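The values are calculated or read from the model by the stated rules, or taken from the named source; none is laboratory data. Bear in mind the structure is a predicted one, so any value in this text is a computation, not a measurement. When we count neighbours, we look across all protein chains shown, and the Cβ atoms used for this are built from the backbone with ideal geometry, even at glycine.
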Amino acid sequence: MKKLLSLLLVILLMMGVMAHHALAEDDNSLAYITEKGTLILGLDDTFPPMGFRDENTNEIIGYDIDLAKEVAARLGVELVCQPIDWAAKEMELANGKIDCIWNGMSITDERLESMSMSLPYMNNQIVLVVKDGNGFASIDDLAGKNIGVQSGSFAEEVLETYDEYADFYASVTTLPYDEYLTALMDLQQGGVDAVLIDLVVAEYRIAGLNDDTLVVIDSLEDDLYGIGFRKADVALRDKVNELLIEMENDGTIEKISTEWFGKNISIISAAE
């Protein structure tokens with residue numbers, strides 16, 4: 001059976017986690033943030049349009065950043081954006097260097113076990129991008145080829161661990177990249193035959209490269225985005241969920257989403 005994290009499953013899993021922690025008496029995670037006056041957000045700063053650096057100002061901007069700034073303002077604290085090694089994100093969170101991971105992070109079974117995950121706020125897809133004209137129309141055409149992936153990404157996890165792609169994974173050579181732009185540029189030059197990538201990132205990067213020969217040919221999985229907190233930080237997680245729902249209801253998220261995507265891509269109303 002295809003290992004797809006449906007919205008209903010995620011909500012049910014989250015409800016179980018919330019119930020498990022409901023009686024915790026030593027969770028001061030929300031008070032900790034409000035008292036220190038900052039919310040430190042860990043991110044891969046090469047992941048547009050979710051979180052990345054403005055090429056003119058070097059300022060970290062993005063859809064997730066705008067959402068997080070609004071949440072921080074409603075918490076009465078300052079948002080601090082801290083670039084991290086995406087492959088080591090769980091370690092950065094666990095050792096206290098950051099307070100949350102908020103950067104187009106996929107909700108997976110493994111992350112639900114190791115973190116307190118927020119409600120899903122966006123549905124993305126994991127897709128294959130190829131260079132048009134090379135004869136690739138679907139995943140079946142790429143058996144035995146070179147596939148670019150971002151290290152530590154959900155796309156990499158799908159390829160390496162999902163049973164339905166086991167034969168395909170065994171046949172290909174995967175090339176890990178620190179960030180997707182390099183992978184797509186390598187695809188342009190023929191260094192890889194395809195890049196397995198988040199659809200929102202692919203669309204943004206392809207538009208930026210102004211290269212209509214880079215095309216999406218296949219979707220492997222739906223991909224629900226959530227915010228990761230330390231496992232014990234349920235109070236902080238629940239407050240952020242509350243604020244996201246508040247922002248959805250008062251139109252703030254629709255405004256931010258329209259600025260970045262031209263439409264409201266939020267799924268928060270379905271997750272309440």
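Restricting the range 52-79 to residues that are assigned to a strand (DSSP E or B) and out of contact with any Pro (no Cβ under 9 Å at 6 or more places or on another chain), which is farthest from Glu259 (Cα to Cα)?
Glu78
Would you please name the residue that is modelled with the lowest pLDDT, looking only at residues in the range 34-73 that are farther than 15 Å from Trp102 by Cβ and out of contact with any strand residue (DSSP E or B) (no Cβ under 9 Å at 6 or more places or on another chain)?
Among residues in the range 34-73 that are farther than 15 Å from Trp102 by Cβ and out of contact with any strand residue (DSSP E or B) (no Cβ under 9 Å at 6 or more places or on another chain), the one modelled with the lowest pLDDT is Glu55.
Among the residues of the range 222-230, is any farther than 15 Å from Val149 by Cβ and without any contact (Cβ under 8 Å) to a residue 60 or more places away in the chain?
No, the conditions are met nowhere in the range 222-230.
So which residues in the range 173-227 are in a loop (DSSP other than H, G, I, E, B) and crowded, with 17+ Cβ neighbours inside 10 Å?
Glu179, Val192, Asp193
Determine which member of the set Ile245, Ile206 is hydrophobic (A, V, I, L, M, F, W, C) and modelled with pLDDT of 95 or more.
Ile245 is the lone residue from the list that is hydrophobic (A, V, I, L, M, F, W, C) and modelled with pLDDT of 95 or more.
To keep it simple, each residue is scored yes or no on (1) out of contact with any strand residue (DSSP E or B) (no Cβ under 9 Å at 6 or more places or on another chain); (2) over 21 Å from Ser219 (Cβ atoms); (3) assigned by TED's automatic domain parsing to the domain that holds Phe52.
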| position | (1), (2), (3) |
| --- | --- |
| Glu160 | no, no, no |
| Ala166 | yes, no, no |
| Thr174 | no, no, no |
| Tyr177 | no, no, no |
| Thr182 | no, yes, no |
| Met185 | yes, yes, no |
| Gln189 | yes, yes, no |
